[in-house]
1. Between V46 and residues 5 or more places away or on another chain, which pairs have amide H atoms under 5 Å apart, with H built 1.01 Å from N, and which residues are they?
2. Residue by residue, what Karplus-based ³J(HN,Hα) values in Hz, rounded to whole numbers, does the range 19-32 have, using 6.51, -1.76 and 1.60 with θ = phi - 60° and x for Gly and Pro?
3. Among G171, N140, V18, whose Cα sits farthest toward the positive end of the charge dipole of the chain (+1 at Cβ of Lys/Arg, -1 at Cβ of Asp/Glu, about the Cα centre)?
4. Taking H as built 1.01 Å from N, whose amide H comes closer than 5 Å to the amide H of A36, not counting residues under 5 places away?
5. Any chance you could check the Cα centroid distance between the range 88-123 and the range 26-50 for me, in angstrom?
6. If you take the square roots of the eigenvalues of the alpha-carbon gyration tensor of the range 115-232 and sort them as a ≥ b ≥ c, do you get rounded (a/c under 1.5), prolate (a/b over b/c) or oblate?
7. Go through the range 215-220 residue by residue and turn each phi into a ³J(HN,Hα) via Karplus (6.51, -1.76, 1.60, θ = phi - 60°); whole Hz please, and just put x for glycine and proline.
8. Using the Cα centre as the reference, give the magnitude of the dipole from point charges on the C-beta atoms of the chain (Lys, Arg: +1; Asp, Glu: -1; all else neutral), rounded to the nearest 20 debye.
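Please treat every number below as a calculation from the coordinates, not as lab data. Quick caveat: nothing in here was measured; it's all calculated off a predicted structure. Heads up, the Cβs are rebuilt from the backbone with ideal geometry, glycines too, and the neighbour counts pull from every protein chain shown.
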Amino acid sequence: PGGNLNITIRNGFIQSGVTNNGSGTYTGSGFAYGIASSSPPSNVRVKDISISGCADSGIYLNMRNSTVVESCVVQTAGGYGIYASQVIRSVVRDCGAVAILGDNVSDCQAQNTSSVYGIEADTVQNCTAFSSSGYAIIANSAINCYASCTSGTGLNSTVAQNCYGYSGGAGTGILDTLSQNCYGSSNTGFGVDAANALNCYGHSTSGTGLYASQANSCYGNTESITYKYNMP
């Protein structure tokens, strides 16, 4: 029921029978959700839980509230993998929607099979994410992250520090306002596309490696930069 509060769920397995047919369609008998609340709960902690085979979402607790998911694993979910305010040291694989959606996400791994996001959060730190299309990571702030997308954009953020972003298609490796100490690579799109880039490297096989309004101490195998500083 909705209105749940002051709850801890810890140490267990939730296994259901839904599978992915390999094309992003999730079918089979089993649970819709692993752990969920019909309305946003408060002061809830989920830790050390393994969930697999859900038709909808693995862990669904909502955002902007005091919900924490820590050290959990979700494998195969047709919707969200984990949806909570704080997500820490968790792994999500094979999701139809956003693999991890939260306010703050740290030390996590995420992978989805759809055209949405691997990780979507205000702050993403020390995370690895993969997506088939869309964005591997989308955030306000990304720190120490690895984001890889088969055909879309690797990392889309306002600020990126010490990050690697890759697009295997026409998308952008790293797309942001401020990029610092980052490496972006793309097949045919932009390696790094930033308003301001500092100490960054951009590479593109057949597109533009580094595209920026201002770049300081940066390098691109091909470049389109309005203002250069400390660069040839």
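1. Distant-sequence amide H within range of V46: I9, V68, V69, E70.
2. Karplus-based 3J(HN,Hα) across the range 19-32 equals 10, 9, 6, x, 10, x, 9, 10, 9, x, 7, x, 6, 6 Hz.
3. V18
4. HN-HN under 5 Å from A36: Y60.
5. 15
6. It is oblate, given that a/c is not under 1.5 and a/b is not larger than b/c.
7. 9, 10, 6, 10, 8, x
8. I would put it at about 240 debye.
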